Amino acid sequence: MSGTSEEHPVASPTSAGQSGPSVVVAGGGTAGHIEPALAVADALRRLDPTVTVTALGTERGLETTLVPERGYPLALIPPVPLPRKPTMDLLRLPGRVRNSVRRTREVLDTTQADVIVGFGGYVALPAYLAAGRGLLRRRRAVPVVVHEANASAGIANKIGARVAARVLAAVPGSGVAARGRHDAEVLGIPVRASITGLDRAALRAEARAHFGLPAEGPVLLVFGGSQGARSLNEAVSGAAAALAEAGVSVLHAHGPKNTLDVAQVNPATPYVAVPYLSRMDLAYAAADAAICRSGAMTVAEVSAVGLPAVYVPLPHGNGEQELNAKPLVAAGGGVIVADAELTAQYVAETVVPLLRDPDRLAAMGAAAAGAGHRDAADAVARIVLDLVKGAKP
């Protein structure tokens with residue numbers, strides 16, 4: 001892909017022939033921003049088949065693949081990378097911000113957007129700035145809904161909250177709220193229906209056959225996000241022999257840029273290593289427990305399907321990944337282990353006994369499911385449609 005984002009036309013329907021509400025979702029960059037946006041888009045279509053949803057994104061993000069795959073038009077805007085905290089770096093970006101906002105205004109005008117739903121990150125900020133009448137003298141203001149998925153809000157959503165009609169969050173105390181409120185409205189994280197409606201028990205046999213796993217016996221699912229995680233890879237593969245000897249099979253997504261060569265100790269309890277899992281629904285259905293990072297979307301999906309998990313927060317950033325997992329762990333649906341403490345010995349001495357304890361797994365699974373928010377996507381979609389009604393003359 002070459003050239004600038006401005007060379008790419010808006011891929012969404014124009015006002016000609018458009019009869020229903022027009023909604024723009026802004027959540028590009030990472031899957032943690034894109035998946036909630038698409039889950040809300042799906043919910044909007046279910047609740048109102050006349051709705052038109054356009055996704056904002058940049059040519060650098062995963063949205064260039066994920067959005068078209070889900071059947072939504074993608075409008076590209078110039079990226080505006082943001083610092084993790086308010087710093088002088090933000091003041092050095094006025095030109096880039098201005099260009100991105102101008103392009104976003106074109107998208108809003110072309111789609112005749114009724115509402116913008118932002119999920120944070122460098123795609124959401126231009127949408128928030130372009131929405132208001134006063135900021136850039138737009139002919140009309142477009143109502144904004146902000147959703148914060150992380151336990152600690154980013155700068156884009158903090159800015160968006162200042163102009164938003166509604167501010168929503170996954171958990172209390174995220175640090176973002178609408179004017180006049182001490183906290184956002186807590187609804188959970190929007191998760192796609194294929195996950196929230198997943199019947200793990202009913203899909204278990206199909207899922208295990210799909211991955212070449214045995215029909216009986218415990219299965220450990222390991223994944224570190226779309227790119228994998230080296231520390232998870234090393235710790236779990238290092239415990240391969242202990243897992244096999246205990247009768248535990250493994251389904252391990254090691255990441256497309258990583259390799260994992262694990263000797264098969266026992267053919268009856270295979271260690272299945274793959275670069276990427278395109279069918280997470282089947283992966284969840286095949287597993288009895290997981291070892292994973294604790295990004296907001298991961299925690300939301302794992303809890304929604306009622307899967308016990310060992311969460312290994314990313315050891316970088318502001319510690320938000322640990323904060324994401326704490327409410328679920330407090331409810332009894334998982335445990336947290338520091339990245340440096342996840343070793344082959346930990347897997348052998350702590351994870352293996354968990355997988356050999358059906359009663360504990362069942363209790364943790366029930367607690368995880370109880371702590372999740374399966375209806376978050378529909379709840380956000382209803383708020384959006386209510387705003388559309390209020391915005392229409």
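Only residues that are closer than 16 Å to Ala287 by Cβ and either in contact with a Pro (Cβ under 7 Å, 6 or more places away or on another chain) or of a type outside the set (Gly, Ala, Ser) (or both): list them for region 226-246, please.
Of everything in region 226-246, those that are closer than 16 Å to Ala287 by Cβ and either in contact with a Pro (Cβ under 7 Å, 6 or more places away or on another chain) or of a type outside the set (Gly, Ala, Ser) (or both) turn out to be Leu232, Val236, Leu243.
Taking the criterion of being surrounded by fewer than 24 Cβ atoms within 10 Å (Cβ to Cβ), in the same structural domain as Glu106 (by TED's automatic domain parsing) and under 23 Å from Arg103 (Cβ atoms), would at least one residue in region 27-46 satisfy it?
yes
Name the residue that is farthest from Val347 (Cα to Cα), counting only residues in region 229-268 that are modelled with pLDDT of 95 or more and in a loop (DSSP other than H, G, I, E, B).
My answer is Gly247.
Inside region 334-393, can you point out the residues that are over 30 Å from Asp42 (Cβ atoms) and either in contact with a strand residue (DSSP E or B) (Cβ under 7 Å, 6 or more places away or on another chain) or in the same structural domain as Val23 (by TED's automatic domain parsing) (or both)?
If the condition is that a residue be over 30 Å from Asp42 (Cβ atoms) and either in contact with a strand residue (DSSP E or B) (Cβ under 7 Å, 6 or more places away or on another chain) or in the same structural domain as Val23 (by TED's automatic domain parsing) (or both), then Val335, Ile336, Val337, Val351, Leu354, Leu355, Leu361 are the ones that fit.
Could you identify the single residue in Tyr276, Tyr311, Tyr271 that is in contact (Cβ under 8 Å) with a residue 24 or more places away in the chain and touching a Lys or Arg at 6+ places or on another chain (Cβ under 9 Å)?
Tyr311
Identify all residues within region 204-233 that are in contact (Cβ under 8 Å) with a residue 60 or more places away in the chain, of a type in the set (Gly, Ala, Ser) and under 14 Å from Asp288 (Cα atoms); write none if there are none.
The one that is in contact (Cβ under 8 Å) with a residue 60 or more places away in the chain, of a type in the set (Gly, Ala, Ser) and under 14 Å from Asp288 (Cα atoms): Ala207.
Consider His147 carefully, then state whether it is in a helix (DSSP H, G or I) and at negative phi.
no
Kindly provide the set of residues from region 166-214 that are of a type in the set (Asp, Glu) and either assigned by TED's automatic domain parsing to the domain that holds Arg279 or not in a loop (DSSP other than H, G, I, E, B) (or both), ordered by number.
Glu185, Asp199, Glu206
Is there any pair linking a residue in region 234-262 that is at positive phi to one that is part of a loop (DSSP other than H, G, I, E, B), with Cβ under 6 Å and at least six apart or on different chains, and which?
Listed by first residue and then by second, the contacts come to Gly247/Gly217; Gly247/Thr269; Gly255/Gln227; Gly255/Gly228.
The values are calculated or read from the model by the stated rules, or taken from the named source; none is laboratory data. Source: prediction; values computed, not measured. Neighbour counts are summed over all protein chains in view; Cβ atoms, including those assigned to glycine, are modelled from backbone coordinates with ideal geometry.
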